[in-house]
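Down below is the structure, laid out as structure tokens.
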There are 2 protein chains.
Amino acid sequence: MSVEREKLKQIRGEFVAQWGALGTQWGINRTMAQIHALLMTSPTPLSTDEVMEELEISRGNAHTNLKELVAWGLVRMVVRKGERRDFFEAEKDVWTIFTTVARERKRREIEPALTVLSQCADGSEEMTTPEGKAFHDQVRQLQDFVAFASKMADRISGMKHGFAVQMATKLLG
Amino acid sequence: MSVEREKLKQIRGEFVAQWGALGTQWGINRTMAQIHALLMTSPTPLSTDEVMEELEISRGNAHTNLKELVAWGLVRMVVRKGERRDFFEAEKDVWTIFTTVARERKRREIEPALTVLSQCADGSEEMTTPEGKAFHDQVRQLQDFVAFASKMADRISGMKHGFAVQMATKLLG
DNA sequence: TCGAATTTTCAGGAAATATTGAAACCAGAT
DNA sequence: ATCTGGTTTCAATATTTCCTGAAAATTCGA
């Protein structure tokens, strides 16, 4: 039934394209998102050349973004015995994907913010004018909140899937 | 004590600059983040001209980004009686800021993803080949998870601050 | 209705990011 | 030592995003 093959190819292409478009919204580049979508829905690991061909992109681009995905922990390199070139496969478990992304974003977005906030809160600690106190106060509140959110993120992304769902269900119920 | 005035000005400038740099990491533009930082730590509402001067940016830029912040719900326009021009003040309560950002990001990032996932899940519903089923399955799992996360986000950002903290404390404890 | 003060829009330039393509590099087989 | 199939790097280019500055529009008092 080659009709279904065709349909699958087409809808998968759709998925890859749209996921790529979403990626830009998310602040990650289109190619990276596309490769991720491609690998997540690939029944087998793919080589760099297959990725290049499927997405019609250059070798350099494919290479760079595959490396980046590996750095994020969303994709791993696998070696097939008897094969000389590298293959890549994506993590498919949604909870694992989620915690990986959460950890990475925390590292890139939350932690630098905390550094800035701490610096500024500390640097304005001793101020005595009303303006100085107000500034310190506001920054301090931000700092406390972000630190708190950071801890929460750790807790949640450290949970086992089942436990998280259980907890959430209670919350949603 | 003009020394402290000077120091405040300087550290506040630091904060604004660094927050702006962070903004780019977050996927929002530098100017917008800077204006936000400026208004969050301003004891009084500021006019467009004051923002322009403080950040050394053009009127167009100031205007566009102030509007954008208003659209996000992080800043509101206020009118001072007797004053013809508009003034702007930022929301300062951290929990309110958080829920506002959460809602906005959900709208911009989660919801479009859900649309894509639903389309692709539905479009591959009836597939019978192993590959087709696997594709459907993977997309469906993503869909379920994102839908779930979406609901969670609603719940949390609908909470009163106190309740959220209480809940979180139990979680962290 | 006119004019001054202010806001809004937007074409064009500047800056930042992503992508290409080709050369340099590397490892194993001969 | 050299060849072959493959990976990695990176300068040049293309694309996207941001910002400016000035013109057009709006508001409001006189």
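The values are calculated or read from the model by the stated rules, or taken from the named source; none is laboratory data. All of these numbers come straight from a predicted model, not from anything done at the bench. Reconstructed Cβ throughout: ideal geometry from the backbone, glycine too, with neighbour counts over all protein chains shown. The area values use the complete protein model at the heavy-atom level, side chains included, leaving out ligands, DNA and RNA. Shrake-Rupley method; radii C 1.70, N 1.55, O 1.52, S 1.80 Å.
Some points to look at:
- Note that the protein assembly as shown shows a convex hull volume over its alpha carbon atoms of 186 Å³ per residue.
- Relative contact order, percent, chain B [alpha-carbon distance under 8 Å, six or more residues apart]: 14
- Against the main long axis of the alpha-carbon atoms of chain B, helix B:111-123 sits at an angle near 10°.
- Of all chain B C-beta atoms, the nearest to the rotation axis linking B with A is recorded, alongside its rounded Å distance, as B:Gly27, 2.
- Model label zone, B:Asp137; criterion: amide N under 20 Å from point 7 Å along Cα-to-beta-carbon; scope segment A:33-48: A:37-46
- Between the Cα long axis of helix A:130-158 and the first principal axis of chain A there is an angle of about 40°, rounded to the nearest 10.
- When A:Leu114 is represented by a point 7 angstrom out along its Cα-to-C-beta vector, the spacings to that point in the other copies are 3.0 nm, nearest first.
- 0 to 90° range, to nearest 10: angle between helix B:2-26 axis and chain B longest Cα axis: 20
- Relative contact order, percent, segment B:94-172 [alpha-carbon distance under 8 Å, six or more residues apart]: 38
- Between A and B, accessible area buried - total, square angstrom, nearest 100, 1.4 angstrom probe: 5300
- Occluded residues from segment B:1-27, i.e. those whose accessible area drops by 30 Å² or more once the chain is not alone (1.4 Å probe): B:Glu4, B:Arg5, B:Lys7, B:Leu8, B:Ile11, B:Phe15, B:Gln18, B:Trp19, B:Leu22, B:Gln25, B:Trp26
- FRET efficiency for B:Ala102 and A:Phe163, using Cβ-Cβ distance with R0 set to 25 Å, rounded to 0.05: 0.65
- With kT/(6 pi eta Rh) evaluated at 25 °C and eta = 0.890 mPa s, and Rh the Kirkwood radius from Cα pairs, chain A diffuses with a coefficient of 127 µm²/s according to Stokes-Einstein.
- FRET efficiency, 1/(1 + (r/R0)^6) with R0 41 Å, evaluated for B:Ser150 and B:Asp49 via beta carbons: 0.50
- The distance between label points at A:Thr115 and B:Asp86 comes to 3.6 nm (points 7 Å beyond Cα on the Cα→Cβ vector).
- Å² per residue, accessible surface of the protein assembly as shown at 1.4 Å: 55
- Computed [θ] at 222 nm, deg cm²/dmol, chain A (DSSP H ≥ 4; -39,500 (n - 2.57); rounded to nearest 500): -23500 deg cm²/dmol
- Of all accessible heavy-atom area on segment B:17-173, the percent that carbon and sulfur account for (1.4 Å): 53
- Label spacing, shortest first and in nm, from B:Val165 to its equivalents in the remaining copies (7 angstrom along Cα→Cβ): 3.4
- Largest GNM mean-square fluctuation across B:His63, B:His136, B:His36, computed for chain B with C-alpha springs under 10 Å, falls on B:His136.
- Comparing B:Ala134, B:Ser157, B:Thr169 along the charge dipole axis of segment B:94-172, the residue lying farthest to the positive side is B:Thr169, per the Cβ-charge model.
- A point 7 Å from Cα along Cα→Cβ stands in for A:Asp86, and the other copies hold the same point at 5.1 nm, listed in rising order.
- Size of charge dipole - segment B:94-172 - debye, nearest 20, with Cβ of Lys, Arg +1 and Asp, Glu -1, no other charges: 660
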